[in-house]
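Trainee: I have a structure I would like to understand better, so I am pasting it below and will then ask my questions one at a time.
Throughout, read-outs are computed from the coordinates displayed, never taken from laboratory work. Everything numeric in this text was worked out from a predicted model, so none of it was measured. Virtual Cβ from ideal backbone geometry, glycine too; neighbours counted across all protein chains shown.
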Amino acid sequence: MDNNKHWTKEEILAIYNKPLMELIYEAATVHRQYHDPLKIQVSKLISIKTGGCPEDCGYCPQAARYHTNIEKNDLMPLDEVLAKAEAAKATGSSRVCMGAAWRNVQDGKDFDQVIEMVKGLSAMNMEVCCTLGMVTESQASRLAEAGLHYYNHNIDTSEEYYKEVISTRGFNDRIETLENVRKSALKVCSGGIIGMGETVDDRIGMLMGLQKLSEAPESIPINALVPVEGTPMEEQEIVPIWDVVRMIATTRIVFPKSTVRLSAGRMQMSKEGQALCFMAGASSIFAGDKLLTTPNPGDNEDMQLFNLLGLTPSEKKKDNTEKVKIRKDTLLPTSEEKVKWSRPGHVIEKNKQAAEKAKAIRKALKS
Ligand code: SAM
Ligand code: DTB
Ligand code: SF4
């Protein structure tokens, strides 16, 4: 089956709404055609720059305008990143994903330091992924040349619901970044979050959004919202595991060859629930006791689960990234590249209220 087949919205909706047992069976069947069902790719997240982000993403504890209880940090030193990656490799991670609470990559000292991190990690024979916000083609090419394999940038939800979640950056900027990443010979990792109050149509809309990319993402993270106190979504109910299973299974059928990552939200899932997700085609997880800022099950618990289910972490994939030659001219910012990422700036009532509440808390704490 083709990973770039264009499904209609009605076709995807029909898949999503199949009787659950039928849906899992079909997804598991597709899964077995392209993936070893007993291997799970394990990625370690490292938050290299935490909190203080200027954006207003309604789900995110790292947005500076909300009052959340996270530990903020400037860019992590290189040796600390390498030590964390070494420890993760020893416990079965084949990939490291470095996350920064940035709106977009800016050329300069910090980006140069990230380039050194990528070089260091890639020399450790690990797959390397970054999620640094919006990027231009030349920035993506520099990352590729340094040895980066994947760039993560989520479209998060449908284009329509996106407007209810974020007002400081536009859906089209996300798409443009993903196309910049694609042009630079990096692999694309893009998915989204369920449980933010979206409709089933929005979930299907998110998959439609991924289908519109020039090529399907190699990797698709499905996050279940982790509702964090102080964010506009703090009151959201935990998304039912059945919805997570449906979303994973539908993603697996629509993108048969992609890696589907059961991402944030595993702390709120039972072992049985996670097992159903693996059955339904999830082929990857994030490891370690912390995601970027929120808790995650941790290595011992995951090892127990893997043993129970007969799963093992997959090895680093052999790829030809090293052989990819980056055209030197793409490494230099062109004049048209002095892009101005958009800032729609419409008012999202929930986001506004959470920001006002944060201001009041900070004022009270000062006095
Ligand atoms: N700042 C960069 C960006 O937005 O692209 C990279 C880091 S950002 C934290 C990466 C992704 O984490 C988001 O796109 C979102 O899908 C996910 N995420 C953030 N907070 C979350 C939460 N509370 N629950 C689930 N997923 C979350
Ligand atoms: C993705 O889709 N999920 C990860 C990773 N890509 C960067 C991030 C999840 C973050 C969950 C909230 C937190 O820990 O701050
Ligand atoms: Fe910033 Fe990324 Fe969080 Fe949005 S999701 S507030 S851009 S760190």
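Trainee: Taking the chain as a Gaussian network, where each spring joins two C-alpha atoms under 10 Å apart, which residue of ALA88, ALA28, ALA123 fluctuates the most?
Mentor: ALA123
Trainee: Next question, about the same structure. Test of understanding: in a Gaussian network model of the chain with alpha carbons linked when under 10 Å, which of LEU292, LEU309, LEU132 would top the mean-square fluctuation ranking?
Mentor: LEU309
Trainee: Run the simple label-point estimate for SER342 and THR8 please: 7 Å along Cα→C-beta, distance reported in nm.
Mentor: So the two model labels end up 2.8 nm from each other.
Trainee: Determine, for each peptide in 187-193, 153-159, the mean count of other beta carbons within 10 angstrom over its residues, then list the peptides with the highest first. All intermediate terms of the calculation are to be shown ahead of the outcome.
Mentor: On the way: 187-193: 25.7, 153-159: 22.4.
Taking the mean over residues of other Cβ atoms within 10 Å, the ranking is 187-193, 153-159.
Trainee: Here is a further query. Sorting check: for 50-56, 18-24, 279-285, which peptide has the highest mean count of neighbouring beta carbons within 10 Å, and how do the rest follow?
Mentor: On the way: 50-56: 18.9, 18-24: 14.4, 279-285: 25.1.
Answer by packing, highest mean first, reads 279-285, 50-56, 18-24.
Trainee: Within a Cβ distance under 13 Å of GLU80, other residues only, what is the Lys/Arg minus Asp/Glu net charge?
Mentor: Working: positive: LYS49, LYS84; negative: ASP74, ASP79, GLU86, GLU116.
For residues surrounding GLU80, the net value is -2.
Trainee: As an exercise, use a Förster radius of 30 Å and the Cβ-Cβ distance of ASP243 and ASN307 to find the FRET efficiency, rounded to the nearest 0.05.
Mentor: Values: r = 28 Å, r/R0 = 0.92.
According to the calculation, E is roughly 0.65.
Trainee: Treating only the Cβ atoms of Lys and Arg (+1) and Asp and Glu (-1) as charged, compute the dipole magnitude of the chain about its Cα centre; round to the nearest 20 debye.
Mentor: Value, rounded to 20: 520 debye.
Trainee: Follow-up question, since we're still on this one. Give me the extension gain from GLU80 to SER214: residue separation times 0.36 nm, minus the current Cα-Cα distance, reported in nm with one decimal.
Mentor: 44.6 nm
Trainee: Residue separation times 0.36 nm, minus the C-alpha to C-alpha distance between ARG32 and GLU71: what's the value?
Mentor: Extending this stretch completely gives an extra 9.9 nm.
Trainee: Lys and Arg at +1, Asp and Glu at -1: add these up for the other residues within a Cβ distance under 10 Å of ALA64 and post the number. Walk me through the intermediate numbers first.
Mentor: Working: positive: ARG65, LYS72; negative: GLU55, ASP56.
So the surrounding residues net to 0.
Trainee: Right, here's the next one. Each residue of region 310-315 in turn: what ³J(HN,Hα) in whole Hz from Karplus with 6.51, -1.76, 1.60 and θ = phi - 60°, glycine and Pro shown as x?
Mentor: With the stated coefficients, region 310-315 comes to x, 9, 9, x, 7, 6 Hz.
Trainee: Another question about this same structure. Can you flag which of LYS44/LYS119; LYS49/LYS290; LYS49/LYS350 are past 21 Å Cα-Cα?
Mentor: Numbers: LYS44/LYS119 17 Å; LYS49/LYS290 14 Å; LYS49/LYS350 26 Å.
Over 21 Å Cα-Cα: LYS49/LYS350.
Trainee: Are there trypsin sites (Lys or Arg not before Pro) in region 245-316 that DSSP marks as loop and that have at most 15 other Cβ atoms within 10 Å, and which are they?
Mentor: Answer by residue number: LYS257, LYS316.
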